[in-house]
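The values are calculated or read from the model by the stated rules, or taken from the named source; none is laboratory data. Note that the coordinates shown come from a computational prediction; the quantities given were computed from them, not determined experimentally. Reconstructed Cβ throughout: ideal geometry from the backbone, glycine too, with neighbour counts over all protein chains shown.
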Amino acid sequence: MNSGFLLAAVFLLMSGAIKAQSSHERESFIEDSDVLACQLSGDEFQKRKAVLQEKVFSRVKKVEELENGYAFFFEQEGDQLITVVDYMLAENKCCPFFKQDLSILPNGEGFIWKLTGSEQVKELLDDMSEAWD
């Protein structure tokens, strides 16, 4: 759990599996491209990876594979919910092809963040799953 989601994304970016694109290119991608387009580059990406490793995925208690993505279960502790929501908002800017859902469980049982999307998104998440195993 100490390895981060973005560690795998950095690998994919470096290997060319995902590519940074302009806003115009991203919009056309969302409609009809075969390439996932991360909007972060270089230092921004490295900073994001470090935050993700330290503050988000290191605190995941359980991961459930879904048909079109993954569900990450967290305990309700401290400001973890705020941290995940902040991350979700930032993630939406750099990777707009992800669908994100947040469910707060009753009686302080924690919360669930679902990260899902198209077949391509699921394949990307599958490739990155070692980051949270």
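Summed over region 59-116, residues that are of a type outside the set (Phe, Trp, Tyr) and within 22 Å of GLU44 (Cβ to Cβ) total 16. Among the residues of region 93-122, just one is in a helix (DSSP H, G or I), exposed (fewer than 14 other Cβ atoms within 10 Å of the Cβ) and under 13 Å from the mean Cα position of the chain (by Cα), namely LYS93. When region 101-127 is filtered for residues that are within 15 Å of TYR87 (Cβ to Cβ) and aliphatic (A, V, I, L, M), the ones remaining, listed by number, are LEU102, ILE112, LEU115.
Considering only region 64-81, I want to know if a residue exists there that is in a helix (DSSP H, G or I) and at negative phi.
Checked region 64-81: at least one residue is in a helix (DSSP H, G or I) and at negative phi.
With respect to the conditions (1) under 14 Å from VAL56 (Cβ atoms); (2) modelled with pLDDT of 90 or more; (3) under 14 Å from the mean Cα position of the chain (by Cα), MET128 falls short on a single one, namely (2).
Checking each residue in region 33-66 for being in contact with an Asp or Glu (Cβ under 9 Å, 6 or more places away or on another chain), at pLDDT 80 or above and not charged (D, E, K, R) picks out only VAL63.
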